[in-house]
Amino acid sequence: KQMADRWQSFRNMAAQPAERVTLLREAMQGLLSSSVQLDDVRGFLQLLLEESTGLIVSRQLLSDFASALEAEVAKPRDAKGIPTALFKQICQTAIDQIQPRLVSFEEQSSVIRRAFAQQYEDEENWREAASMLIGIPLETGHRNIPDEIKLQTYLKIAALYLEDGDSVQADIYVNRASPLVPTTKNALLAMQFKVHLARIQDSKRKFLEAARRYSELSYMVEPGERMVALACALNCAILAPAGQPRARLLAALYKDERTKELPSFGMLESMYLDRIVRQPEVNKFAGNLQEHQKAITADGTTILDRAIVQHNLLAASRLYNNIAFTELATLLQISPEKAEKTCAQMIQEGRLTGSIDQITGLVHFTEQARREIRAWDGRVHDLSVEVNHVLDFINE
């Protein structure tokens with residue numbers, strides 16, 4: 001009742017705008033504290049948003065109010081002046097009350113939304129934080145917002161959705177950010193875009209593309225994060241569909257001296273040297289994978305199982321001119337029917353050179369193709385060595 005009477009006294013006050021701003025600012029400073037009542041904040045905001053208050057006064061005071069909320073959320077947890085639950089109620093109340101006059105107070109509403117999103121982020125409520133930022137009018141508003149701010153916001157939303165495990169929504173906002181990346185001079189934002197893109201491709205199981213991007217990032221990110229990016233590149237390369245593009249990437253990673261320090265180097269070496277990968281080695285590598293990389297595919301096997309079967313099939317093609325599907329199935333530890341289906345699919349996709357004789361139950365591998373593959377691997381190896389020498393020279 002006391003605060004309501006005070007707001008009413010401001011309405012009846014005959015004062016110049018500058019004096020009204022000073023008096024209202026003093027009232028606001030005492031308002032945002034641990035003893036604040038939500039109804040008092042609501043009454044203050046109602047007063048500011050009335051037409052009679054004047055647009056100039058309202059904008060100044062709402063900017064101060066929004067900045068105060070922004071400063072509050074930035075404080076360490078033990079230094080906050082407003083309880084978290086009350087802070088969130090204040091933010092939501094402010095957004096709701098500004099909404100009918102959003103055209104006049106877009107900037108103030110945006111600052112409050114960012115503060116509210118930060119609070120949700122601090123609580124690791126990623127989806128609500130993203131939703132709060134989505135409410136900021138970047139394309140449809142009446143303000144001329146710099147591209148840098150748009151890019152920063154879109155990338156932040158994408159990052160929050162990635163933390164929430166929603167790569168579909170993250171992809172939408174990375175796509176919105178994409179046209180703005182070439183124009184930015186902010187190297188950090190450009191880097192964040194590449195990181196988000198790699199993570200999205202990883203989440204969407206586009207492992208070959210993700211591996212390439214992670215490998216590129218392993219030379220670009222902060223020194224402390226380079227080995228993390230390289231480990232992601234290695235894991236994605238191993239999970240990628242078997243074939244020449246993957247073989248070239250594995251060769252480049254194998255020749256990178258840094259990979260020898262990674263837990264998954266043993267698996268990389270086996271695959272690069274065309275060895276048959278056994279189950280104990282598979283089990284050890286599986287412990288380095290993220291949850292989405294352990295997903296079950298439509299045929300009931302894991303992504304890793306599929307990658308190992310395809311790799312071992314290619315490795316077998318280096319060892320045998322032909323092999324019966326019953327023997328191949330034993331080697332691959334799958335059924336003969338699945339062995340034949342995998343061979344047929346890889347031959348059809350151009351990832352395996354050979355032919356199937358269903359009458360005799362044999363798959364024939366082409367010797368000439370194996371010689372060409374070995375020659376190609378040798379050329380790739382030489383090129384990779386030269387590239388690494390150039391990179392070492394640049395780093396020095």
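The values are calculated or read from the model by the stated rules, or taken from the named source; none is laboratory data. Quantities reported herein were computed from a predicted structural model and do not represent experimental measurements. Neighbour counts are summed over all protein chains in view; Cβ atoms, including those assigned to glycine, are modelled from backbone coordinates with ideal geometry. The area values use the complete protein model at the heavy-atom level, side chains included, leaving out ligands, DNA and RNA. Shrake-Rupley method; radii C 1.70, N 1.55, O 1.52, S 1.80 Å.
Assign one of three labels to segment 274-322, namely rounded, prolate or oblate, based on the Cα gyration tensor with a ≥ b ≥ c the square roots of its eigenvalues; rounded applies when a/c is under 1.5, prolate when it is not and a/b is larger than b/c, and oblate otherwise. Mind dumping the intermediate values first?
Values: a/c = 3.36, a/b = 1.73, b/c = 1.94.
Because a/c hits 1.5 or more and a/b fails to exceed b/c, segment 274-322 counts as oblate.
Applying 1/(1 + (r/R0)^6) with R0 = 56 Å to the Cβ-Cβ distance of K206 and S33 gives a FRET efficiency near 0.65. For segment 30-88, the per residue solvent-accessible surface stands at 49 Å², with DNA, RNA and ligands left out and a 1.4 Å probe. Label separation (Q99 vs Q290): 3.4 nm, computed from points 7 Å beyond Cα along the C-beta direction. Accessible surface ranking for S317, S104, 1.4 angstrom probe, highest first: S104, S317.
Counting only residues at least eight positions apart within a chain, or on another chain, the aspartates and glutamates with an alpha carbon under 18 Å from that of K150 are E106, E107, E139, D171.
Dipole orientation for the chain: of the candidates P245, V195, P336, P336 has the Cα lying most toward the positive pole (charges on Cβ; Lys, Arg +1; Asp, Glu -1). Can you bin segment 293-359 into rounded, prolate or oblate? Criterion: square roots of the alpha carbon gyration tensor eigenvalues sorted a ≥ b ≥ c, rounded for a/c under 1.5, prolate for a/b above b/c, oblate for the rest. Prolate shape, in that a/c is at least 1.5 and a/b is the bigger ratio.
Counting only aspartates and glutamates at least 8 places from K341 when in the same chain, those with an alpha carbon closer than 13 Å to its own are D299, E349, D357. Once every DSSP H run of n ≥ 4 in the chain is given -39500 (n - 2.57) and the sum is divided by its residues, what mean residue ellipticity at 222 nm do you get, rounded to the nearest 500 deg cm²/dmol? Helices in the chain give a 222 nm mean residue ellipticity of -21500 deg cm²/dmol.
The H on the amide N of N322, modeled in the peptide plane, is under 5 Å from the matching H of F365, each at least 5 residues off or on a different chain.
Counting only protein heavy atoms and a 1.4 Å probe, tell me what percentage of segment 26-98's accessible area is made up of carbon and sulfur. Within segment 26-98, the accessible surface is 48 percent carbon and sulfur.
Toward the positive end of the charge dipole of the chain, with +1 on the Cβ of Lys and Arg and -1 on the Cβ of Asp and Glu, the farthest Cα among Q97, A210, I149 is that of A210.
Probe radius 1.4 Å, ligands and nucleic acids ignored: give me the carbon and sulfur share of the accessible area of segment 106-253 as a rounded percent.
On the way: 3230 of 6530 Å².
On segment 106-253, the fraction of accessible area on carbon and sulfur atoms equals 49 percent.
Given a Förster distance of 56 angstrom, what is the FRET efficiency for Q8 paired with R258, based on the Cβ-Cβ distance and rounded to 0.05? Walk me through the numbers on the way to the answer.
Working: r = 70 Å, r/R0 = 1.24.
Once the sixth-power term is evaluated, E becomes 0.20.
Could you work out how much longer the chain between S335 and D78 gets when fully extended? Use 0.36 nm per residue separation minus the Cα distance between them, nm to one decimal.
Values: separation 257, 0.36 × 257 = 92.52 nm, distance 6.08 nm.
Residue separation times 0.36 nm, minus the Cα-Cα distance, leaves 86.4 nm.
Within the shell defined by Cβ-Cβ distances under 10 Å, the residues around A210 carry a net charge of +4, with Lys and Arg each +1 and Asp and Glu each -1. Going by the alpha-carbon gyration tensor, a ≥ b ≥ c the square roots of its eigenvalues, is segment 199-269 rounded (a/c under 1.5) or, if a/c is not under 1.5, prolate (a/b greater than b/c) versus oblate? Oblate shape, in that a/c is at least 1.5 and b/c is the bigger or equal ratio. Which of the lysines could a cross-linker bridge to K156, judged by Cα under 29 Å and excluding same-chain residues fewer than eight apart? Those lysines meeting the cut-off are K75, K80, K88, K185, K194, K204, K206, K294.
Thinking of segment 117-166 as a set of Cα atoms, what percent of all their pairs are more than 12 Å apart? Write out the running numbers ahead of the final one.
Values: 752 of 1225 pairs.
Summing the P(r) of segment 117-166 above 12 Å gives 61 percent of all pairs.
Starting from the Cα gyration tensor of the chain, multiply each eigenvalue by 5, take the square root, and state the resulting semi-axes largest first in whole Å.
Calculated on Cα positions only, the semi-axes equal 61, 21, 17 Å.
For segment 98-139, GluC sites (Glu not before Pro) meeting the loop criterion (DSSP other than H, G, I, E, B) and having at most 10 other Cβ atoms within 10 Å: E124, E139. An ellipsoid equivalent to segment 123-223, defined through the eigenvalues of its Cα gyration tensor, has semi-axes of 23, 17, 11 Å when rounded to whole angstrom and sorted largest first. Considered as an equivalent ellipsoid built on the Cα gyration tensor, segment 49-191 has semi-axes of 26, 20, 13 Å, the largest given first. With all protein chains in place and ligands, DNA and RNA left out, the 1.4 Å accessible area ranks K150, K206 as K206, K150, largest first. Note on exposure: K156, K185 ranked by accessible area (1.4 Å probe, complete protein assembly) read K185, K156, with the most exposed listed first. Would you mind getting me the FRET efficiency between D299 and E216? Use the beta-carbon distance for r and R0 = 25 Å, nearest 0.05. Efficiency at R0 = 25 Å is approximately 0.20.
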